[in-house]
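Read through the structure below, which is laid out as structure tokens, and then see the notes.
FYI, it's all coordinate maths here, none of it is from the lab. The structure presented is a predicted model; accordingly, all values stated were derived computationally and were not measured. Cβ coordinates were reconstructed from backbone atoms using ideal geometry, including for glycine residues, and neighbour counts include every protein chain displayed.
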There are 2 protein chains.
Amino acid sequence: MSHTYKYPRPALTVDCVVFGLLEDQLSVLLIQRAADPYRDKFALPGGFVGIDETLEAAARRELAEETNVCDLYLEQLYTFDALQRDPRERIISVAYYGLVRQVNHQPAAGSDARAVAWHRVDQLPALAFDHRAIFDTAYQRLQAKVQYQPIGFELLPRKFTLTQIQSLYETILGRELDKRNFRKKLLAMDLLEPLEEFSRGAHRAARLYRFNRSRYRLLVKQGLHFEL
Amino acid sequence: MSHTYKYPRPALTVDCVVFGLLEDQLSVLLIQRAADPYRDKFALPGGFVGIDETLEAAARRELAEETNVCDLYLEQLYTFDALQRDPRERIISVAYYGLVRQVNHQPAAGSDARAVAWHRVDQLPALAFDHRAIFDTAYQRLQAKVQYQPIGFELLPRKFTLTQIQSLYETILGRELDKRNFRKKLLAMDLLEPLEEFSRGAHRAARLYRFNRSRYRLLVKQGLHFEL
DNA sequence: AGTGTTAGTGTATATTATACACTACAACAG
DNA sequence: CTGTTGTAGTGTATAATATACACTAACACT
């Protein structure tokens, strides 16, 4: 199981910036490395790309192996290529960012990872390699994207209240939004299906909504685009 | 000069979608392949990434070698990773898109290329590999990006008239724009320096302008962003 | 001197974004 | 069972922005 090439090739990895809501705080999934280099340091989950798998498949495999997280929205972010980003050898890494709906399925440490945990984006520890730069790129992209594509819903449960989604947007964008204007705009897009279900708990119950994915696809086809 | 790795690695290439204006038509730089696979077919310029060069450096090197084009705006586009995109072996390609100011420096065929030429984007021939998909992605990105970042200027000479830039935008976006509104918005951004020079030719001379890059950077820092 | 072609300019209207405050309802405590 | 507390839910007036639209100015050429 050894392979010879005429010219030396950069190694190829994927790294994943997975966002989720932990106690209503935007958080990122980090592992603590079990091996050198950067042993014990925090890092993004990721690993080498097999010869017979797509990048996205590699990202999903590594996430499952290292963190036990699966079934998530994943999208390619950027390819990081600095010459010295890894002290071992030349490694080029294709970064993906992901959104998970429930932070329920507790992440479980797997191979290569001493521990896995969610970390609030405003309280990140120092990261290994150039992972801080990768994270920054992902966070910027999330902030930009959330304003013109309805990906925020990927972070919420399938049924949610308008208040929930508003506070999600406030968390991501880092600023407050006007309740009435937010609801007006959001409902005007006609992407949310009101349900006959209501939230339970102390205080007045709020109506639950569901994101209508097929309606979204239809609107995109017709040239209309979501903008918040 | 032979290298052994424990596990097989995908090969890594860069491909470039270089846009330019040829006779006022948005065009793309294509080579005609000199070697198999896809010998004689049209393709995007590109090639393998060396172990000691960044992706952008590889893109610039390949462009210079194959097409003699240099000094251009270049930006990473997307990484293409389908399993069978190359019939020879597993190759992952990082695509870049570029904008060149003058289509003067006639492209000259170099290694790997039988011929190099500009092709209007609305009259592209069939392309080798998955290069059609790469081109489509690049064109979409250009159309999207031109509306919120002033990259269009990279396609024009350093001194240009308002009519020139308007018709450039019309070409890229594929629709007509209102002259007065376009000028109003563009000038309101305060990114163009009016010069005391005028175009020459048949008919009334038009004032020349210059893009003020440092002013642009300043505005971006202050949170203001270009939007057309 | 006249003709043809492009350069250059302002205003009125429609659309969209913003700012803002009260009532309705449910749970819980007493 | 009633009062208190905390969240849900709703409309309008104003400001800002986008759009639609037509004529005069300047130069080159005949």
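Here are the numbers for this structure:
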{"item": "Unsatisfied cross-links (Cα-Cα over 23 Å) in the set B:159/B:184; B:159/B:221; A:184/B:179; A:184/B:145", "result": "B:159/B:221; A:184/B:179; A:184/B:145"}
{"item": "Rounded FRET efficiency, nearest 0.05, which uses the C-beta distance separating residue B:103 from residue A:48 and R0 of 56 Å", "result": "0.85"}
{"item": "Nearest-first distances (nm) between copies at residue A:184, label 7 Å from Cα via Cβ", "result": "2.3"}
{"item": "Sparsely packed GluC sites (Glu not before Pro) within the stretch A:55-160, loop by DSSP, other Cβ within 10 Å at most 13", "result": "A:89"}
{"item": "The stretch A:153-201 - Rg over Rh from alpha carbon coordinates, Kirkwood radius", "result": "0.95"}
{"item": "Using a 7 Å Cα-to-Cβ projection, residue B:112 label spacings across copies, nm, ascending", "result": "2.9"}
{"item": "Positive-end extreme of charge dipole, the protein assembly as shown - chosen from A:118, B:87, B:218 (charges on Cβ)", "result": "B:218"}
{"item": "Shape of the protein assembly as shown, Cα gyration tensor, a/c cut at 1.5", "result": "oblate"}
{"item": "Rounded to 5, percent antiparallel among DSSP beta bridges of chain A", "result": "75 percent"}
{"item": "Magnitude of the charge dipole, the protein assembly as shown, Cβ model with Lys/Arg +1 and Asp/Glu -1, debye to 20", "result": "1380 debye"}
{"item": "Karplus (6.51, -1.76, 1.60) ³J(HN,Hα), θ = phi - 60°, over the stretch B:115-127, in Hz, Gly and Pro reported as x", "result": "7, 10, 7, 8, 10, 4, 5, 8, 9, 6, x, 4, 10"}
{"item": "Within the stretch A:11-145: Cβ-based charge dipole about Cα centre, in debye rounded to nearest 20 (Lys, Arg +1; Asp, Glu -1)", "result": "240 debye"}
{"item": "Debye, to nearest 20: dipole size of chain A, +1 on Lys, Arg Cβ, -1 on Asp, Glu Cβ", "result": "740 debye"}
{"item": "FRET efficiency for residue A:23 and residue B:83, using Cβ-Cβ distance with R0 set to 35 Å, rounded to 0.05", "result": "0.30"}
{"item": "Projected label distance in nm at residue A:180 and residue A:70, using a 7 Å step from Cα toward the beta-carbon", "result": "4.9 nm"}
{"item": "Percent antiparallel among DSSP beta bridges (both partners in the protein assembly as shown, rounded to 5)", "result": "75 percent"}
{"item": "Peptide-level mean, for B:5-15, of C-beta atoms on other protein chains within 10 Å", "result": "6"}
{"item": "Within 10 Å of each Cβ in A:44-57, the average number of Cβ atoms from other chains", "result": "3"}
{"item": "Other-chain or far-sequence residues with amide H under 5 Å of residue A:109's (modelled H)", "result": "A:116"}
{"item": "Chain A - mean residue ellipticity at 222 nm from DSSP helices (-39,500 (n - 2.57) per run, n ≥ 4, rounded to 500)", "result": "-8000 deg cm²/dmol"}
